[in-house]
1. Before anything else, pin down the relative contact order of the chain: Cα pairs under 8 Å, at least 6 apart, normalised by residue count, whole percent.
2. Where in the range 42-57 does the amide nitrogen come within less than 15 Å of the point 7 Å from the Cα of L12, taken along Cα to Cβ?
3. Please compute the per residue accessible area over the chain with all protein chains in place, 1.4 Å probe, rounded to a whole number of Å².
4. Each residue of the range 57-62 in turn: what ³J(HN,Hα) in whole Hz from Karplus with 6.51, -1.76, 1.60 and θ = phi - 60°, glycine and Pro shown as x?
5. If I model a spin label at H3 and M74 as a point 7 Å from the Cα along the Cα→Cβ vector, what separation in nanometres do I get?
6. Can you sort C37, C59 by 1.4 Å-probe accessible area, starting with the largest?
7. Highest GNM mean-square fluctuation, the chain, Cα pairs closer than 10 Å: which of I57, I46, I18?
8. Most mobile of T36, T26, T70 per a Gaussian network model of the chain (Cα springs, under 10 Å)?
Amino acid sequence: MSHHTLDATRLLCPLPVIRAQNFIATLNPGDTVDVTCTDPAAKNDIPAWSIINGHEIICRKDHNNTIVLTVNVMRNRYLHT
């Protein structure tokens, strides 16, 4: 298990979700990633995407127009093990 960060600041919808999706596809179950965004839509979009894809949002922090969502990678449909 490892922890990662993804900078999705200054990107507008749907790019934060797309970047998170592509990055998480490279991770293993049990890994976590802090996705940092400035698009207010990410507050809802990334959690919705996470639920659909079987991941878990374990933390959300809002500070000075920046949102940090911590995603726990629960499964990865792209890994064939």
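1. Relative contact order comes out at 34 percent.
2. Only 42 pass the distance filter.
3. 61 Å²
4. 3J(HN,Hα) across the range 57-62, in whole Hz: 8, 9, 7, 9, 10, 10.
5. Modelled inter-label distance: 2.2 nm.
6. From most exposed to least exposed: C59, C37.
7. So, out of I57, I46, I18, the one fluctuating most is I18.
8. T26
The values are calculated or read from the model by the stated rules, or taken from the named source; none is laboratory data. Remember, predicted model here, so these are calculated numbers, not experimental data. Virtual Cβ from ideal backbone geometry, glycine too; neighbours counted across all protein chains shown. Just so you know, the surface numbers come from the protein's heavy atoms only, side chains and all, with ligands and any DNA or RNA stripped out. Shrake-Rupley method; radii C 1.70, N 1.55, O 1.52, S 1.80 Å.
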